[in-house]
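The values are calculated or read from the model by the stated rules, or taken from the named source; none is laboratory data. Owing to the predicted nature of the structure, the values given are computational and were not obtained by experimental measurement. Every residue, glycine among them, receives a Cβ derived from its backbone with ideal geometry; neighbour counts consider all protein chains shown.
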Amino acid sequence: MPNNSIKKQATEDARCGTTAGAAAHYIRGESNCEPCKMAKKIARDAYDKAHPEAHKARNKRWRERNPEKVRANSQKYFGRIRAYSIEQVIETYGTNCHICQLPIDFNAPRATRFEGWEFGLHIDHHIPISKGGFDCLENVRPVHGICNIKKSNN
């Protein structure tokens with residue numbers, strides 16, 4: 001595979017704007033021209049739509065190979081990187097819901113799209129981030145999913 005840092009400027013030929021044109025640039029060790037980039041993107045999108053499992057597998061491999069980029073993207077889109085682990089929250093505040101004081105079911109799913117999520121673990125910000133709270137161990141508590149949803153940002 002040609003090294004991206006030493007790729008030559010693309011020379012256009014009759015195949016530009018097709019996936020064959022993109023392949024020709026690759027073989028010549030060039031970066032793709034804009035029409036070839038677009039053709040390659042359209043072909044990849046069509047393939048991903050027809051083969052969703054292959055798309056998921058490719059994304060998973062990319063995330064495994066690029067943990068620093070995943071972390072940077074997470075910080076970029078979510079604005080923060082957690083300064084605590086779930087284990088630290090449980091160790092510090094116990095296994096009961098901070099709101100209703102009943103035990104949390106650690107076998108229940110955490111995502112609301114799954115049945116039985118209501119009594120699964122959620123991490124609640126005691127002072128909501130939207131109201132100036134910080135995303136730190138001192139400001140989070142273990143709660144049931146349903147208690148967290150009902151509390152909202154109050």
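Couple of notes before you dig in:
- Close contacts from region 1-21, counting a first residue that is assigned to a helix (DSSP H, G or I) and a second that is modelled with pLDDT under 85, with Cβ to Cβ under 8 Å and a gap of 6+ residues or different chains, come to Gly21/Asp13.
- Residue in region 30-47 that is surrounded by 14 or more Cβ atoms within 10 Å (Cβ to Cβ), assigned by TED's automatic domain parsing to the domain that holds Ala10 and either touching a residue at least 60 places away in the same chain (Cβ under 8 Å) or in contact with a strand residue (DSSP E or B) (Cβ under 9 Å, 6 or more places away or on another chain) (or both) present: yes
- The residue that is farthest from Gln101 (Cα to Cα), among those in region 115-149 that are among the charged types (D, E, K, R) and free of Cβ contacts under 8 Å to residues at least 40 places away in the same chain, is Lys131.
- Hits in region 91-130 - residues which are under 23 Å from the mean Cα position of the chain (by Cα), part of a helix (DSSP H, G or I) and surrounded by fewer than 16 Cβ atoms within 10 Å (Cβ to Cβ): Ile129, Ser130
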